[in-house]
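Colleague: First the structure, then my questions, so here it is.
The values are calculated or read from the model by the stated rules, or taken from the named source; none is laboratory data. Everything quoted here is computed from the prediction, not taken from an experiment. Heads up, the Cβs are rebuilt from the backbone with ideal geometry, glycines too, and the neighbour counts pull from every protein chain shown.
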Amino acid sequence: MAGYFEYEKEDLDLQVPVLFSLRELRAIELLLGGDTFEAGSDWAVVAERAQDKLSEEIIIRRLEAEKNLKSTE
């Protein structure tokens, strides 16, 4: 995965559209804050779904970036 050092300073604050529900965004926020959810609870299911969406989006964007890099070489 790309580290922050690979991006221009100006690009680090660009908005990145990722489609999450408000509940999924809240679950991510709670997880980042150190909260945990009881296995099988509604929040645990939402958190897992949000993490899956985020992972999938990261993979897609990374593949697109690699493809674009190859096409410019």
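Colleague: Within the range 53-68, is there a residue that is without any contact (Cβ under 8 Å) to a residue 12 or more places away in the chain, part of a loop (DSSP other than H, G, I, E, B) and at negative phi?
Modeller: no
Colleague: Under the condition of being surrounded by 10 or more Cβ atoms within 10 Å (Cβ to Cβ) and among the hydroxyl-bearing types (Ser, Thr, Tyr), which residue from the range 1-22 is modelled with the highest pLDDT?
Modeller: Among those that are surrounded by 10 or more Cβ atoms within 10 Å (Cβ to Cβ) and among the hydroxyl-bearing types (Ser, Thr, Tyr), it is SER21.
Colleague: Also: Suppose we filter the range 23-46 for residues that are touching a helix residue (DSSP H, G or I) at 6+ places or on another chain (Cβ under 7 Å) and either part of a helix (DSSP H, G or I) or exposed (fewer than 11 other Cβ atoms within 10 Å of the Cβ) (or both); how many remain?
Modeller: Result for the range 23-46: 8.
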